[in-house]
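Taking it in order: structure first as structure tokens, then the write-up.
The values are calculated or read from the model by the stated rules, or taken from the named source; none is laboratory data. The structure presented is a predicted model; accordingly, all values stated were derived computationally and were not measured. All Cβ positions, glycine included, derive from the backbone under ideal geometry; neighbour counts span all protein chains shown.
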Amino acid sequence: MLELRLVQGSLLKKVLEAIKDLVTDANFDCSATGFSLQAMDSSHVALVSLLLRSEGFEHYRCDRNISMGMNLNNMAKMLKCAGNDDIITLKADDGSDTVTFMFESPTQDKISDFEMKLMDVDSEHLGIPEAEYHAIVRMPSTEFARICKDLSSIGDTVVISVTKEGVKFSTSGDIGTANVVCRQNTTVDKPEDATIVEMNEPVSLTFALRYFNSFTKGTPLSNTVTISLSSELPVVVEYKIAEMGHLRFYLAPKIEE
Amino acid sequence: GSKQYTITRFFGKQ
């Protein structure tokens, strides 16, 4: 028996909107720790890792570890039927091949339930090693989204370089080149508007921009985004989910041959 | 040219 009651149902709606275009089918894993997902995009270049900790749910019942295969587009369709202020409850019986999403309006005057068919999803769970990153950049998530969008109108790949001076995003294409430099800036009214550049070693990596643009669909989840870079590792783009966990995107770099 | 690596090149299967 599985029963997860999420008062801030909009979080789950936002999570699905953020990942449904990158990943088609995925297993949601439910355990005492929380509700999680790990999945790669079809080309195995990007990986999504979601964690919603059990403590973040108003009610969390998961009698045994369970993995539920879902088509994310279909799940997003169902969650779109929930209001932004609705409480969302996920329910599944042991051995059932369906999951039920129950939506309650804040005033309890409208209660809906949507039952979705589960599916078998072949997926391999990857071990993500703990890593010391050469550089960690924290910036407003809207600013990062703006940079990715702007650069993708010029080129297909982005070079992200972190030095003492700050973080530089560069691209080039048929019509020309573009460089955006963000310097550390902590003299802001609100902490979420700050740009913080922590650098242990200078690092410069090249990535396909279209994936970054897909990751920025996580922007509604958090005011800030954290970008962690190491020369031998995939970049991590992380959106914290307040009080609950995180949505992390990993992207493998492009490397000169 | 540069080669696009896959995630499995960095993270092993469990």
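Restrict the check to the range A:17-38 and report whether at least one residue is at positive phi, touching a Gly at 6+ places or on another chain (Cβ under 9 Å), at pLDDT 95 or above and small (Gly, Ala, Ser).
Yes, that holds for at least one residue.
Just to be sure, is A:GLU130 touching a helix residue (DSSP H, G or I) at 6+ places or on another chain (Cβ under 9 Å) and modelled with pLDDT under 95?
No.
Residue-by-condition table, conditions (1) touching a Pro at 6+ places or on another chain (Cβ under 7 Å); (2) of a type in the set (Val, Ile, Thr); (3) assigned to a helix (DSSP H, G or I); (4) within 13 Å of chain B (Cβ to nearest Cβ):
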| position | (1), (2), (3), (4) |
| --- | --- |
| A:ILE196 | no, yes, no, no |
| A:SER214 | no, no, yes, no |
| A:GLY218 | no, no, yes, no |
| A:HIS246 | no, no, no, no |
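Filter the range A:28-84 for residues that are buried (at least 20 other Cβ atoms within 10 Å of the Cβ) and of a type in the set (Val, Ile, Thr); which is farthest from A:LEU11 (Cα to Cα)?
By that ranking, first place goes to A:VAL45.
Mind telling me which of the residues A:THR195, A:THR216 ends up being under 16 Å from A:ALA135 (Cβ atoms) and not basic (Lys, Arg)?
A:THR195
Could you look through the range A:1-27, keep only residues that are β-branched (Val, Ile, Thr) and assigned to a loop (DSSP other than H, G, I, E, B), and pick out the one that is surrounded by the fewest Cβ atoms within 10 Å (Cβ to Cβ)?
Among them, the one singled out is A:THR24.
Check whether at least one residue in the range A:237-249 is in contact with a strand residue (DSSP E or B) (Cβ under 6 Å, 6 or more places away or on another chain), under 16 Å from A:VAL167 (Cβ atoms) and in contact (Cβ under 8 Å) with a residue 24 or more places away in the chain, and report yes or no.
Within the range A:237-249, one or more residues are in contact with a strand residue (DSSP E or B) (Cβ under 6 Å, 6 or more places away or on another chain), under 16 Å from A:VAL167 (Cβ atoms) and in contact (Cβ under 8 Å) with a residue 24 or more places away in the chain.
Enumerate the strands (runs of 3 or more DSSP E) found wholly within the range A:63-166, keeping only those where 1 or more residues are over 30 Å from A:THR224 (Cβ atoms).
A:66-71, A:87-92, A:98-104, A:111-117
With the requirement that a residue be buried (at least 17 other Cβ atoms within 10 Å of the Cβ) and in contact with a His (Cβ under 8 Å, 6 or more places away or on another chain), what does the range A:200-226 give you?
A:VAL203
Please go through the range A:226-244 and give me each residue that is in a strand (DSSP E or B) and not small (Gly, Ala, Ser), ordered by number.
A:THR226, A:ILE227, A:LEU229, A:VAL235, A:VAL236, A:VAL237, A:GLU238, A:TYR239, A:LYS240, A:ILE241
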